[in-house]
Structure formats: C-alpha cells, structure tokens
1. What number of residues within segment 43-66 satisfy the criterion of being surrounded by fewer than 24 Cβ atoms within 10 Å (Cβ to Cβ) and of a type in the set (A, V, I, L, M)?
2. Being outside any loop (DSSP other than H, G, I, E, B), more than 17 Å from THR10 (Cα to Cα) and polar (S, T, N, Q) is the requirement here; does THR60 meet it?
3. Tally up the residues in segment 1-23 that are part of a strand (DSSP E or B), within 18 Å of LYS70 (Cα to Cα) and of a type outside the set (Lys, Arg), please.
4. Taking segment 1-11, which residues are surrounded by 13 or more Cβ atoms within 10 Å (Cβ to Cβ) and either in contact (Cβ under 8 Å) with a residue 40 or more places away in the chain or hydroxyl-bearing (Ser, Thr, Tyr) (or both)?
5. Which one is farthest from GLU96 (Cα to Cα), of the residues in segment 12-42 that are open to solvent by 30 Å² or more (accessible area, probe 1.4 Å) and of a type in the set (A, V, I, L, M)?
6. What number of residues within segment 67-89 are open to solvent by less than 30 Å² (accessible area, probe 1.4 Å), more than 14 Å from ILE26 (Cα to Cα) and not aliphatic (A, V, I, L, M)?
7. Is it the case that GLU89 is over 21 Å from GLY154 (Cα atoms) and out of contact with any strand residue (DSSP E or B) (no Cβ under 6 Å at 6 or more places or on another chain)?
8. Only one of ILE54, ILE97, ILE26 is touching a Gly at 6+ places or on another chain (Cβ under 8 Å) and assigned to a strand (DSSP E or B). Can you tell me which?
Amino acid sequence: GGDAGGVFVTAGTLRVIGNGFDNTFISSDTLGAGNAGEVRITAKSLSIEQAGFISSDTYTGGNAGDISIKSDTISLKDFGNIRSRTLSEGTAGDIEISTGTLTLMSGGTISSEATEMSFGDAGFVGISADTLTVGPTTLISTARQGGGDAGRIGVTVKTLNLDGGDIR
C-alpha cells in the first residue's frame, strides 16, 4: 500500500468536540504497509473536548506521521487528546506544539506512545508555551508498553502550573 496524505488545517477558531465515544477527529493514520501523513494545524484558538482527538497513528509496519500545532490558545478537556501511536512495527510520530497558552483539564492528554502489542518506538513530544497548565487527571507523556522505546519530552515555558496532572 501507499502512504497516507498529510492533513493541513488553517482556521481562526477550531473546535474538535466528540460525544465521549472517540468519533470526532482530525487524523492521518496508516492501516496498510505505507506511512501515515503529517498533521499540521494552524489556528488562533484550538479546543479539543469530549474525547475528540487529533492523531497520526500506525497500525502496521509503516511509520506514523508527525503532528505540528501552532495556536495562540489551546485547550484540551473532558478527555480531548493529541496523540501519535504505534500499534505494530512502525514508529510513532513526533508532536510539536507552539502556543501562548496551553491548558489541559479533566482527562486531557498529549502523548506519543508505543502500545502493548507494538515493536516500534514512541516519538518526541515538544511543547513551547508562555503558560502551560496541567490540571487534575491530565497527562503529557511518551511511553512504551511493548517492545519499542519511549521517546523524550521537551517543555519550554515561561510559566508552568502543575495542578494534579503528570508530565512523564
């Protein structure tokens, strides 16, 4: 199979609002032998809520794409997430976020992950923000559960508010 195409979104206000069942999303995944495409979002304001998500995942030997987000304000809440995962042999993508204010609340997650059944590596999670708030039950992570390696996390902020969430 061939590679997936990239997804490029430019908006003033972008809201990705699920209904709690993970079915509202912006994504470039690979389900076959090819690589997933990159996902690039540019918005003045980005809100991801109620299990909505932005992703680039690989379910096979291809690699996941990178995710790049630039926005003045970003809010993830009610299990909204930004993720890149490998569920097989390919590698997860990197996630790069550049923003003035990034707020994670109520289960919001940013992650690059090598899942339990994978052999590929997780990617890098990089965040550059003036203010980062990691609220209760939220997570910024790169993790390995399978045979691959976890990636790294880089956070550059002027103000960091850790209030019951984790960076790991």
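1. Within segment 43-66, residues that are surrounded by fewer than 24 Cβ atoms within 10 Å (Cβ to Cβ) and of a type in the set (A, V, I, L, M) number 2.
2. No; evaluated as a whole, the condition is false for this residue.
3. 9
4. ASP3, ALA4, GLY6, listed by residue number.
5. Looking at residues that are open to solvent by 30 Å² or more (accessible area, probe 1.4 Å) and of a type in the set (A, V, I, L, M), I get ALA33.
6. Count: 3.
7. Answer is yes for this residue.
8. Being touching a Gly at 6+ places or on another chain (Cβ under 8 Å) and assigned to a strand (DSSP E or B) holds for just one of ILE54, ILE97, ILE26, which is ILE97.
The values are calculated or read from the model by the stated rules, or taken from the named source; none is laboratory data. In this text the structure is predicted, and so the values were computed from the model without any measurement. When we count neighbours, we look across all protein chains shown, and the Cβ atoms used for this are built from the backbone with ideal geometry, even at glycine. Accessible surface is based on the protein model in full, side chains and every heavy atom, while ligands, DNA and RNA are left aside. Shrake-Rupley method; radii C 1.70, N 1.55, O 1.52, S 1.80 Å.
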